[in-house]
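Accompanying notes for the structure given below.
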């Protein structure tokens, strides 16, 4: 649910990174943070456990510059991936404008990917959204691992509506900005329809 | 609900009124900072010493805090906890829900007191609700929101955002 402020000529949009635990959602955000000019970003906030697992969310405000005289700001959030944090995940999807699903390419995590995708559909629905229509991109992360499942196989298993997909190695930044850009684009296009 | 079913659109007139309410609250309550945030974590307006805090993070964490507390309320069968109060060694944070959609945040130190803050917040919240109601009836009158400033956005516009 984007917030358009005509008085201060600002538009704020919310993008949520979703996916199974340890899939690289936080790493995506960290890379975006590292590679963004200081004047275009705020603090990266991580509400994590002592072992660096996301407890509630990570948050990164990103200023992308102006479109048609409006300052465009994206608020990037990650959800905690671990199954038992479902109540928190549901909360973070409130008012979301676009979703990035970070899938783990390792064969052993395919079930976790599918489970998380189902969970995303369900939680979006609970918040009054429909995965079939919301701006959405799919990222296959950890493509550099030897146990990575073939691209075609992942595509068949996880793509749901012809959404843009990206192969990524998040710690190295491969595919990170491409994925974000794909969703940001859809979000802004969505706004143009309103 | 109609108003909040879609995007929140703020116009100059309401923005000015909200700012006026916040300014008065800031003075009357002897607060360091006053913030209005929407439940999704977007900052709407603020008044006070903004240089010393990270306003965006404050807004997002406040919304997260309220969302988590809302979740707790539902779990025990409450509709919501309309006031949250965090007491620190020097500074305190008073958080209250306004009109079910907005969050009013007030940061204060020993120059004020919880009693004063609660009193002033109650008055300000009523005024803010009035503004919200006005926004809702305006939205209902006008029916559709005005044409989006992004109506004619092009791929080039969007690409330009990502080139540094």
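The values are calculated or read from the model by the stated rules, or taken from the named source; none is laboratory data. Computed from a predicted structure; not experimentally measured. Here Cβ is always computed from backbone atoms with ideal geometry, including for glycine, and neighbour counts include all displayed protein chains.
Mind listing whichever residues of segment A:83-106 are more than 12 Å from chain B (Cβ to nearest Cβ) and in contact with a strand residue (DSSP E or B) (Cβ under 8 Å, 6 or more places away or on another chain)? Show your work before the answer.
Here is the first cut: in segment A:83-106, the ones more than 12 Å from chain B (Cβ to nearest Cβ) are A:83-84, A:98-106.
Those that are more than 12 Å from chain B (Cβ to nearest Cβ) and in contact with a strand residue (DSSP E or B) (Cβ under 8 Å, 6 or more places away or on another chain): A:98, A:99, A:100, A:101, A:102, A:103, A:104, A:105, A:106.
Out of curiosity, is residue B:87 within 14 Å of chain A (Cβ to nearest Cβ) and out of contact with any strand residue (DSSP E or B) (no Cβ under 7 Å at 6 or more places or on another chain)? For residue B:87, the condition - within 14 Å of chain A (Cβ to nearest Cβ) and out of contact with any strand residue (DSSP E or B) (no Cβ under 7 Å at 6 or more places or on another chain) - is not met. Screening residue A:12 with (1) modelled with pLDDT under 90; (2) surrounded by 22 or more Cβ atoms within 10 Å (Cβ to Cβ); (3) more than 11 Å from every other protein chain (Cβ to nearest Cβ) gives one miss only, at (3). Checked against the criterion of being touching a residue at least 60 places away in the same chain (Cβ under 8 Å), within 11 Å of chain B (Cβ to nearest Cβ), closer than 29 Å to residue B:102 by Cβ and in contact with a helix residue (DSSP H, G or I) (Cβ under 7 Å, 6 or more places away or on another chain), the candidates A:64, A:60, A:44 yield just one match: A:64. In segment A:16-35, the qualifying residues are those that are within 14 Å of chain B (Cβ to nearest Cβ) and surrounded by fewer than 24 Cβ atoms within 10 Å (Cβ to Cβ), and the one that is nearest to residue A:109 (Cα to Cα) is A:32.
Could you tell me whether residue B:137 is at pLDDT below 95 and away from every other protein chain (no Cβ under 14 Å)? Criteria met by residue B:137.
Each residue in segment A:48-86 was checked for being more than 18 Å from residue B:162 (Cβ to Cβ) and surrounded by 15 or more Cβ atoms within 10 Å (Cβ to Cβ), and 14 pass.
Just give me the residues in segment A:47-57 being facing chain B (nearest Cβ under 10 Å) and in contact (Cβ under 8 Å) with a residue 24 or more places away in the chain, in sequence order. Break it down into steps so the answer makes sense when it comes.
Looking only at segment A:47-57, we keep the residues that are facing chain B (nearest Cβ under 10 Å), and these are A:47, A:56-57.
Passing the criteria: A:56, A:57.
Look at residue A:73 and say whether it is touching a strand residue (DSSP E or B) at 6+ places or on another chain (Cβ under 7 Å) and modelled with pLDDT of 95 or more. It is false that residue A:73 is touching a strand residue (DSSP E or B) at 6+ places or on another chain (Cβ under 7 Å) and modelled with pLDDT of 95 or more. In segment A:1-109, counting only strands (runs of 3 or more DSSP E) that sit wholly within it, the ones holding 3 or more residues that are more than 16 Å from the chain's Cα centre (by Cα) span A:3-5, A:54-67, A:70-78.
A single member of A:137, A:103, A:184, A:170 is modelled with pLDDT under 95, surrounded by 13 or more Cβ atoms within 10 Å (Cβ to Cβ) and in contact with a helix residue (DSSP H, G or I) (Cβ under 8 Å, 6 or more places away or on another chain), and it is A:184. Within segment A:129-148, can one find any residue that is more than 16 Å from the chain's Cα centre (by Cα), free of Cβ contacts under 8 Å to residues at least 24 places away in the same chain and not in a loop (DSSP other than H, G, I, E, B)? No - not one qualifying residue is present in segment A:129-148.
When segment B:47-78 is limited to residues that are crowded, with 18+ Cβ neighbours inside 10 Å and touching a helix residue (DSSP H, G or I) at 6+ places or on another chain (Cβ under 6 Å), the one that is nearest to the other protein chains (Cβ to nearest Cβ) turns out to be B:67. For segment B:22-44, the set of residues classified as crowded, with 22+ Cβ neighbours inside 10 Å and part of a strand (DSSP E or B) consists of B:34, B:35, B:36, B:37, B:43, B:44, listed by residue number.
Step by step: first the residues of segment A:151-167, then only those that are farther than 25 Å from residue B:161 by Cβ and free of Cβ contacts under 8 Å to residues at least 24 places away in the same chain, then the one that is surrounded by the most Cβ atoms within 10 Å (Cβ to Cβ). Which residue is that? Even if it seems obvious, please write down each step before you answer.
Residues of segment A:151-167 that are farther than 25 Å from residue B:161 by Cβ, as a first pass: A:151-160.
With the extra rule that they be free of Cβ contacts under 8 Å to residues at least 24 places away in the same chain, the set shrinks to A:151-153, A:155-156, A:159.
Values: A:151: 13, A:152: 8, A:153: 13, A:155: 13, A:156: 9, A:159: 15.
Within segment A:151-167, the match that is surrounded by the most Cβ atoms within 10 Å (Cβ to Cβ) is A:159.
Within segment B:100-120, being surrounded by fewer than 19 Cβ atoms within 10 Å (Cβ to Cβ) and within 17 Å of the chain's Cα centre (by Cα) holds for B:100, B:101, B:118. Screening residue B:123 with (1) closer than 16 Å to residue B:11 by Cα; (2) surrounded by fewer than 19 Cβ atoms within 10 Å (Cβ to Cβ); (3) at pLDDT 90 or above gives one miss only, at (1). Screening residue A:148 on (1) surrounded by fewer than 21 Cβ atoms within 10 Å (Cβ to Cβ); (2) within 14 Å of chain B (Cβ to nearest Cβ) shows it passes everything except condition (2).
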